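Here's the structure we're looking at; comments come further down.
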Amino acid sequence: MLNRRDFAKLAALVGGAAAFPWRLGLFGAKRALAQIPGGSLAPGDIEKFVLPLVKPPAMPKMQKGKMGNMQGFDYYEIAVRQFQQRVISPPHPMTTVWSYGSIEYPGTVAEGGTFNYPAFTIEAPWDHRVRVNWINDLVAKNGRFLPHLLSVDQTLHWANPPGGKRGRDKRGYSPYPYEGPVPIVTHVHGAHTHADSDGYTEAWFLPDAKNIPNGYAKSGTFYDYFRSQFKSRVGQGWDPGTAVFEYPNDQPATTLWYHDHALGMTRLNVYAGPAGYWLIRGGPNDTDLGYRAPGVGDDPLGEYTEIPIVIQDRSFNADGSLFYPDNRAFFEGLNPSQLQIPFIPEDACDGKSDVSPIWNPEFFGNTMVVNGFSWPYLEVEQRRYRFRFLNGCNSRFLILKMSNGMPFYQIGGDQGFLPRTVELNELLLAPAERADVIVDFSRARRGTEIILQNFGPDEPFGGGLPGVDFDPADPDSTGQVMQFRVKAATSRDTSILPTTLPAASRPGDPDNTRAVSLNEEGSATVRVSEENGNIVLDCAEGEEFGPTAALLGTYDGSSHTRKWADLITENPDLDSTEQWEIHNFTEDAHPIHIHQVHFQVVSREDNGGNLRRPEAWETGYKDTVIAYPGEITRVKAKFDLPGYYVWHCHIVEHEDNEMMRPFHVGPIPSDGPAQ
């Protein structure tokens, strides 16, 4: 595979333009720092291992009577709200966040309610329908909408409510941050569900606030289309500021998660907090291994032996607020005054600038946050525990290790159990990937303190080994994740560390092979050079500035890039099995997520034609796969539900700027919102 150091050598050989030298540290913008920049609160000023790990309880269902007798399905009414929560350790201030909670149990956890960052876990029985009324409640007590916590770039192809019905879901041209009502739509990541309930990125909706500006679109292009489909299929309507989705949970028992998916805003909405686990239990591909997870009404600080652990990187300001960059110069390692180039919609070399003023191609926080607390600790008994790890970072790849060298026993991945337990000394997790593991503390001495470490880079990941192909994370900040404190066992451990597991059977031979591509784009109108430590416009002799976007495309011997609004090129037949060959022409590894399906990783092929089998931890079903630079990654899936879905990179900064494409299963309807 082509690692980042190889790419730096290649850039020197070919003049650098194709490899976008600004990303690799030319002009003094060094990416690998001892402590990466962020907000006004330095990570060294946050005391580690002070806050105990929170274990999110199960989300309570609506009580019977709210939806008639609710025969045949569980019903939830879940809102997104804004509130304050302790995230960074005292004496630092509280942090304003967004997250989900049950409207029947309002208030934060500290107030006895269910609103928490991260959100409570939805426990879904296998093959049992779950219906959720998702509510956009980002409104103040006076009924007026709440603006975004972060700077929204209006020059991307985004939801664009100010554009009205004609201009929604299109690129805007205002260089100023959007300050209007926030669009949201919830996607259950990895769910096998109908198109009207998938959380399609153009099915967003605004809160039902009393001061929505005149002329604003209150919902996305697909909202009414899916509302009509859902009403016809299920019989329930959607009220303003809401969307009702239903999930059959007919896939193998697994670890899913739910989060926002609004067009061009996912990176910001998820960074603000709304995300939670969705666990499917039971059925022929599950087995009781004897571990106890928190249930409805359980103490978030209680003791459990099965614990979901979501790892995120964030940065903060001294007032406790979340920090996320509000200018492109941050990505270049420059002050805004040093990036002296035109931005959209200003004039550039050969027409208008195509460089967005706020969007950053990737973001890496300098503080590790686990289950909503900075660098927490967990007291563990001398026994086995089951941890469901989720990489919830925007851009960061994680390479997790225990400081004492103890192994992980991985039993499952994105979409359920592996065929056999795999013993690993480290876990590689791309954004959105999950690892279901067992850790055995029975031989650790009482009083031992073990650090969960991260050796992934503080920069884009291109594969390879830490210390060889890239610098690992800063050992004093992002190189530490959380702490385990070992204490004596209080009872006999009857849990099971299995050898074999009831994994689902593999899909059949493919009916079709489809070649797609991953690409990166530089500016067509902005050329730059370095002058006295600044990056300045240089139309005569400069190199193209970039990247300006990451793109998906098709491949037929050469790559043909496609943007979100282009005609649909991925159109599998209903009930067909397809093999997708993902050709990566960028310098980064990308976590590629395909909605609706769970797939098998078939192989990887390097640029020398050498084939590799899936990694041992990839032998079960997945929904997100790492596509390495310079390689072809092959996956195989069955497409058995008709309608519109999407596939995209789960580096959400990429997803938000063109690295997402619609696909349609079955014949595309002539009256559909997209063709």
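Quickly run through the range 602-630 and pick out the residues that are touching a Lys or Arg at 6+ places or on another chain (Cβ under 6 Å) and surrounded by 22 or more Cβ atoms within 10 Å (Cβ to Cβ).
Passing the criteria: only 604.
Tell me, please, whether a residue that is under 30 Å from residue 550 (Cα atoms) and either at pLDDT below 95 or open to solvent by 40 Å² or more (accessible area, probe 1.4 Å) (or both) can be found in the range 496-511.
Looking through the range 496-511, at least one residue is under 30 Å from residue 550 (Cα atoms) and either at pLDDT below 95 or open to solvent by 40 Å² or more (accessible area, probe 1.4 Å) (or both).
Could you please find all residues in the range 365-378 being open to solvent by 10 Å² or more (accessible area, probe 1.4 Å) and either aliphatic (A, V, I, L, M) or in contact with a strand residue (DSSP E or B) (Cβ under 6 Å, 6 or more places away or on another chain) (or both)? Break it down into steps so the answer makes sense when it comes.
Quick first cut of the range 365-378, residues open to solvent by 10 Å² or more (accessible area, probe 1.4 Å) only: 373, 377.
Passing the criteria: only 377.
Quick one: residue 216 ticks every box in (1) in contact with a Pro (Cβ under 8 Å, 6 or more places away or on another chain); (2) open to solvent by less than 10 Å² (accessible area, probe 1.4 Å); (3) among the hydroxyl-bearing types (Ser, Thr, Tyr) except a single one, so which number is it?
Failing condition for residue 216: (2).
For the range 144-164, check the following and say yes or no: at least one residue is open to solvent by 10 Å² or more (accessible area, probe 1.4 Å) and part of a helix (DSSP H, G or I).
Yes; the residues of the range 144-164 include at least one that is open to solvent by 10 Å² or more (accessible area, probe 1.4 Å) and part of a helix (DSSP H, G or I).
On the given criteria, is residue 221 open to solvent by 10 Å² or more (accessible area, probe 1.4 Å) and in contact (Cβ under 8 Å) with a residue 40 or more places away in the chain?
yes
Answer with yes or no whether residue 163 is modelled with pLDDT of 95 or more, of a type outside the set (A, V, I, L, M) and over 22 Å from the mean Cα position of the chain (by Cα).
Judged against the criteria, residue 163 is a match.
Do we find that residue 572 is open to solvent by 20 Å² or more (accessible area, probe 1.4 Å), in contact with an Asp or Glu (Cβ under 7 Å, 6 or more places away or on another chain) and under 30 Å from residue 669 (Cβ atoms) in this structure? So that I can check it myself, show each step before the final result.
On the way: open to solvent by 20 Å² or more (accessible area, probe 1.4 Å): no; in contact with an Asp or Glu (Cβ under 7 Å, 6 or more places away or on another chain): yes; under 30 Å from residue 669 (Cβ atoms): yes.
Spelling it out, it is not the case that residue 572 is open to solvent by 20 Å² or more (accessible area, probe 1.4 Å), in contact with an Asp or Glu (Cβ under 7 Å, 6 or more places away or on another chain) and under 30 Å from residue 669 (Cβ atoms).
Within the bounds of the range 407-422, is there any residue that is at pLDDT 95 or above, farther than 30 Å from residue 538 by Cα, β-branched (Val, Ile, Thr) and open to solvent by 10 Å² or more (accessible area, probe 1.4 Å)?
The answer is yes; a qualifying residue exists.
A quick yes/no check of all residues on (1) outside any strand (DSSP E or B); (2) free of Cβ contacts under 8 Å to residues at least 40 places away in the same chain; (3) open to solvent by 10 Å² or more (accessible area, probe 1.4 Å):
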| position | (1), (2), (3) |
| --- | --- |
| 345 | yes, no, yes |
| 355 | yes, no, no |
| 363 | yes, no, no |
| 380 | no, no, no |
| 387 | no, no, no |
| 390 | no, no, no |
| 396 | yes, no, no |
| 401 | no, no, yes |
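Any residue at all in the range 74-92 that is modelled with pLDDT under 95 and surrounded by fewer than 16 Cβ atoms within 10 Å (Cβ to Cβ)?
Within the range 74-92, not a single residue is modelled with pLDDT under 95 and surrounded by fewer than 16 Cβ atoms within 10 Å (Cβ to Cβ).
Working only within the range 462-471, note down all residues that are open to solvent by 50 Å² or more (accessible area, probe 1.4 Å) and in contact with a Pro (Cβ under 7 Å, 6 or more places away or on another chain).
First pass over the range 462-471, keeping only residues open to solvent by 50 Å² or more (accessible area, probe 1.4 Å): 465, 467-468, 471.
Within the range 462-471, just 471 meets the criteria.
Considering only residues of the range 512-539 that are outside any strand (DSSP E or B) and either in contact with a helix residue (DSSP H, G or I) (Cβ under 9 Å, 6 or more places away or on another chain) or free of Cβ contacts under 8 Å to residues at least 24 places away in the same chain (or both), which is most open to solvent (accessible area, probe 1.4 Å)? Steps first, answer last, please.
First, pick out the residues of the range 512-539 that are outside any strand (DSSP E or B): 522-526, 532-533, 538-539.
Within this subset, residues satisfying the condition of being either in contact with a helix residue (DSSP H, G or I) (Cβ under 9 Å, 6 or more places away or on another chain) or free of Cβ contacts under 8 Å to residues at least 24 places away in the same chain (or both) are 522, 532-533, 538.
On the way: 522: 15, 532: 141, 533: 28, 538: 35 Å².
Only one residue tops the list, namely 532.
Filter the range 319-343 for residues that are open to solvent by 10 Å² or more (accessible area, probe 1.4 Å), among the hydrophobic types (A, V, I, L, M, F, W, C) and within 26 Å of the chain's Cα centre (by Cα); which is nearest to residue 459 (Cα to Cα)?
Among those residues, the one meeting the criterion is 330.
How many residues are touching a residue at least 60 places away in the same chain (Cβ under 8 Å) and β-branched (Val, Ile, Thr) when one looks only at the range 626-655?
Number satisfying all stated conditions: 4.
Within the range 122-143, take every residue that is polar (S, T, N, Q) and surrounded by fewer than 23 Cβ atoms within 10 Å (Cβ to Cβ) and give me the one that is farthest from the chain's Cα centre (by Cα).
If we take residues in the range 122-143 being polar (S, T, N, Q) and surrounded by fewer than 23 Cβ atoms within 10 Å (Cβ to Cβ), then 142 is farthest from the chain's Cα centre (by Cα).
Suppose we keep only residues that are open to solvent by less than 10 Å² (accessible area, probe 1.4 Å) and of a type outside the set (Gly, Ala, Ser) within the range 240-256. Which one would you say is nearest to the chain's Cα centre (by Cα)?
Looking at the filtered set, the residue picked out is 256.
Could you list all residues from the range 598-654 that are among the β-branched types (Val, Ile, Thr) and within 20 Å of residue 429 (Cα to Cα)?
If the condition is that a residue be among the β-branched types (Val, Ile, Thr) and within 20 Å of residue 429 (Cα to Cα), then 601, 602, 619, 624, 625, 626, 632, 633, 635, 651, 652 are the ones that fit.
The values are calculated or read from the model by the stated rules, or taken from the named source; none is laboratory data. Given the structure is predicted, the values throughout are model-derived calculations rather than measurements. Don't worry about glycine lacking a Cβ; one is built from the backbone with ideal geometry, like all the others, and counts go over all protein chains shown. The area values use the complete protein model at the heavy-atom level, side chains included, leaving out ligands, DNA and RNA. Shrake-Rupley method; radii C 1.70, N 1.55, O 1.52, S 1.80 Å.
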